1. How large is ³J(HN,Hα), in whole Hz, for each residue of segment 144-149 in order, when computed from phi with the Karplus curve 6.51 cos²θ - 1.76 cosθ + 1.60 and θ = phi - 60°, using x for Gly and Pro?
2. Looking only at Ala209, Ala169, Ala127, which one moves most when the chain is put into a Gaussian network model with springs between Cα atoms under 10 Å?
3. More than 16 Å apart: what percent of Cα pairs in segment 217-288 qualify?
4. Can you work out the FRET efficiency for the pair Ala224 and Asp163, with r the C-beta to C-beta distance and R0 = 30 Å, to the nearest 0.05?
5. Give me the 1.4 Å probe accessible area per residue for the chain, excluding ligands and nucleic acids, in Å².
6. Using only Cα atoms and rounding to the nearest 10 degrees, what angle (0 to 90) does helix 279-296 make with the longest principal axis of the chain?
7. How high is the relative contact order of segment 41-98, given as a whole-number percent (alpha carbon pairs under 8 Å, six or more residues apart)?
8. Hey, what did the chain get for relative contact order, percent, Cα under 8 Å, at least 6 apart?
Amino acid sequence: MGRIRDAVVTGARAVQRIPIPSSVTHQALREARSPQPPGHVLKAHAIEHEMIGRTRTVWLDEHRAADGIIVHLHGGAYVSGPFASDWAWLSRQVEARNCAGLMVDYRNAPDHQHPVARDDVEAVIEALAADGRLRPGRWVLSGQHSGGGLAMVVARRLADRADVPAPSALITMSPWLDLELSNSGITETDQADPVHERRLLRDAARRYAGRTPLEHPDLSPINASLEHLPPIHLSVGLRDLFLSDVRVARLQLEEHGTDLSYREINGRLGLQLIPRRGEDIERLHREQAELIARVWSR
């Protein structure tokens, strides 16, 4: 029935929409990239740019790093980002906690393929730990969309290391956990054009993965054991393509006894080019801030 339903939905929507080439969409994503913080963020924070190794990073209020750091990994399907929504989220959480924020502008495909993005993030974390800015128990790793999946990968890998402190919490928003896009439930979220979006993501996944199989756990963390992770806030939109995968991850985390906060919100949460507003988003942001406050109060 699932396959039949997918075929019916696909066929019905195929006659309503003209497919847009993925190259056009990728160009739009690249143009939506916001490498510099928008005006409202510039006014609210002390902004500093720092090259850490080969990776460009941007600090929000680095002078507050002793009070804690939120390290954020942006969305963009591994081919673009950060977006205005990434900056707005990080700015809000930094203000809520009076801490520092760090946007890691990891390198994107197609110029840089796996494992460059992962290695960029880990190199930044290693460097901050080595110079004493990243203190045990006083930093959080966050990400949305592709950045959320990447954050899950990095947090899992850090759990096995003794030389770098693991994050005290992990915040992931509509994380891309399966680059194979193999879950048949992906078309059950009533999107206006799920077939086109799925095609776009498949193309982006191939560009990023290069020769690495898409099912590799460092690309698709849904295929890895989700044990030994820090407290997590996991969220997804009810109309996100990743809804089914996120629900599967939720079950796995609960089975492992992970300290998990979970929230589904109306509409979309993944791949936000501009910030969303509304009661659902306000509640989500409060819950995320409360998790950070709780883990940092220990």
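The values are calculated or read from the model by the stated rules, or taken from the named source; none is laboratory data. The structure presented is a predicted model; accordingly, all values stated were derived computationally and were not measured. Reconstructed Cβ throughout: ideal geometry from the backbone, glycine too, with neighbour counts over all protein chains shown. Quick note on the areas: whole protein, heavy atoms, side chains included, nothing else; ligands and nucleic acids left out. Shrake-Rupley method; radii C 1.70, N 1.55, O 1.52, S 1.80 Å.
1. 10, 6, 4, x, x, x
2. Result: Ala127 has the largest fluctuation of those listed.
3. 52 percent
4. For R0 = 30 Å, the calculated efficiency reads 0.90.
5. Accessible area per residue, the chain: 43 Å².
6. Its long axis makes an angle of about 40 degrees.
7. 29 percent.
8. Here the relative contact order equals 18 percent.
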